[in-house]
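Asker: The following block contains the structure, expressed as structure tokens.
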Amino acid sequence: VFDKENIVRYFRGLYLTKVKDAVSSYLINKQISIMEINAYIEELSMHLQERIEPTLTEYGIKLVNFYVNDISVP
């Protein structure tokens with residue numbers, strides 16, 4: 001079945017791996033403290049979209065918009 005639930009379930013692991021890797025490398029490369037990350041949400045959103053988009057394109061899925069709303073730091 002090709003519905004929203006199955007698409008989300010299928011791509012969840014891929015998405016989480018890409019996002020965690022991209023956020024970590026972004027922080028390291030830009031020398032941003034984890035405590036300052038919310039000041040870079042818009043820039044981080046664009047970076048993550050650029051990192052995730054090519055993988056989804058391989059599956060014929062177009063990523064139109066990608067926004068990070070908040071990053072909670074424990």
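The values are calculated or read from the model by the stated rules, or taken from the named source; none is laboratory data. Nothing here was measured: the structure is a model prediction, and the numbers come from that model. In this analysis, Cβ positions are derived from the backbone assuming ideal geometry, glycine residues included, and neighbour counts consider all displayed protein chains. SASA here: full protein model, heavy atoms, side chains in, ligands and nucleic acids out. Shrake-Rupley method; radii C 1.70, N 1.55, O 1.52, S 1.80 Å.
Asker: Sort out which residues of the range 56-65 are under 19 Å from Gly13 (Cβ atoms), loosely packed, with under 10 Cβ neighbours inside 10 Å and not acidic (Asp, Glu), and write them in order of number.
Answerer: Gly60
Asker: Report, by residue number, each residue of the range 31-55 that is exposed (fewer than 11 other Cβ atoms within 10 Å of the Cβ) and within 21 Å of Thr17 (Cβ to Cβ).
Answerer: Pro54
Asker: For Val68, work out the one condition from (1) open to solvent by 100 Å² or more (accessible area, probe 1.4 Å); (2) not in a helix (DSSP H, G or I) it doesn't fulfil.
Answerer: (1)
Asker: Collect the residues in the range 55-74 that are hydroxyl-bearing (Ser, Thr, Tyr) and within 11 Å of the chain's Cα centre (by Cα), keeping them in residue-number order.
Answerer: Matches in the range 55-74: Tyr67 only.
Asker: If you scan the range 22-39, which residues turn out to be without any contact (Cβ under 8 Å) to a residue 12 or more places away in the chain, closer than 17 Å to Val68 by Cα and part of a helix (DSSP H, G or I)?
Answerer: The answer is Ser24, Ser25, Leu27, Glu36, Ala39.
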